[in-house]
Amino acid sequence: MLNRLLRPQASLRTASAISQKPTSALPRFQFRSLHNVPGITHEQNYRQNGIANFMSPEAFDFSWTQYQRFLIDKLNLLTQDTVDADAKPGDLLVKYSRRPEMASLFNHASMAHNNHFFFSCLSPSKTEIPEKLESKIIETCSSVESLKLDFLATANAMFGPGFVWLAKNLDREGLIHIICTYNAGSPYPAAFARRQSVDMATHAPGSTGTEQLGNQFAGAMGSHSANQRTMAPGAVNIHPILCVNTWEHVWMMDYGIAGKAQYLEQWWDRIDWNVVAENYNSVTSRNAFKPRGAF
């Protein structure tokens, strides 16, 4: 029994190997599919070979191909025949971040965006950090190794699914921050009402750590529902440049129940630092308020 718990790969891989059925768990409704799964760099290679020393082909299929398809199918279902039918997930997560009654639409849009961000920052081989970005890391964190230790410790300490982000502060000369978002929370200032930077199951009502904006709420259930009036400080003008996905379905297939720390170590060596540097350099105070790009 213990061996089966520590080796969940078999059952999960069975699920991903079901014969030639549609990858989405949703039934195929007849609606206009205006939201589509975007391509990512090296995708065909990842499908065939996985991401070397990081993610197996089965885990990639499960956490990107199948899961992203599921999210997009849900977005198409939730937005069909509405003004949002062709809106980008990044726009949808901003639009509905203050609407608790639209939590399902926000969650699927934000997860689609976050998951895409995670996979877009991966490389099939180790890359070097560009000099200018490395200098900014050293200025902020004293060394790249210090950043790595703090970032991975933060991600490993998260009790529950979410994302850990590296973000550029546009009000403080581009200094770098490490922030967490739980579940489908978003790091963008425009979606500050749904930052979810703490585990809401462990924070008491009234804590500013819940980062709710005025009378806007992260959800419509439980102690953080609309009968609570929790104030929070204003949003910070930051823009994400890198993230790691800490949802269990991403790492448990390859690394087992106790393998999160190893997953994070392996992930660090598969960061595409050229993409991270491009993200850092391309964002300015004028375009960082909400997600940019096609997704």
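Under 5 Å between amide hydrogens, built in the peptide plane, is the criterion, and for Leu242 it picks out Leu166 among residues at least 5 positions away or on other chains. What's the percent breakdown of Cα-Cα distances in the stretch 89-132 across 5 Å bins, shortest bin first? Calculated over all Cα pairs of the stretch 89-132, the distribution is 5, 22, 20, 14, 10, 9, 10, 7, 3, 0 percent. Backbone phi angles across the stretch 91-98, fed through the Karplus curve with coefficients 6.51, -1.76 and 1.60 (θ = phi - 60°), yield HN-Hα couplings of 6, 5, 5, 6, 4, 10, 5, 10 Hz in residue order; Gly and Pro are listed as x. Computed about the Cα centre, the dipole magnitude for the stretch 74-136 is approximately 160 debye when only Lys and Arg (+1) and Asp and Glu (-1) carry charge, each at its Cβ.
Accessible area per residue for the stretch 105-146 is 42 Å², calculated with a 1.4 Å probe on protein heavy atoms, without ligands, DNA or RNA. Residues Asp81, Asp269, sorted by accessible area with the largest first, give Asp81, Asp269 [1.4 Å probe; ligands and nucleic acids excluded]. Stretching the chain fully between Glu131 and Val83 yields a gain of 12.8 nm (0.36 nm per residue, less the alpha carbon separation).
On the principal axes of its alpha carbon atoms, the stretch 33-143 extends 48, 37, 19 Å, with the longest extent given first.
Give me the Kirkwood hydrodynamic radius of the stretch 120-198 in Å, from all C-alpha pairs, to one decimal place? By the Kirkwood definition, the hydrodynamic radius is 13.9 Å.
The values are calculated or read from the model by the stated rules, or taken from the named source; none is laboratory data. Since this is a predicted model, take the numbers as computed values, not measurements. Reconstructed Cβ throughout: ideal geometry from the backbone, glycine too, with neighbour counts over all protein chains shown. Each accessible area value is taken on the protein alone, full model and side chains, heavy atoms only, with ligands, DNA and RNA left out. Shrake-Rupley method; radii C 1.70, N 1.55, O 1.52, S 1.80 Å.
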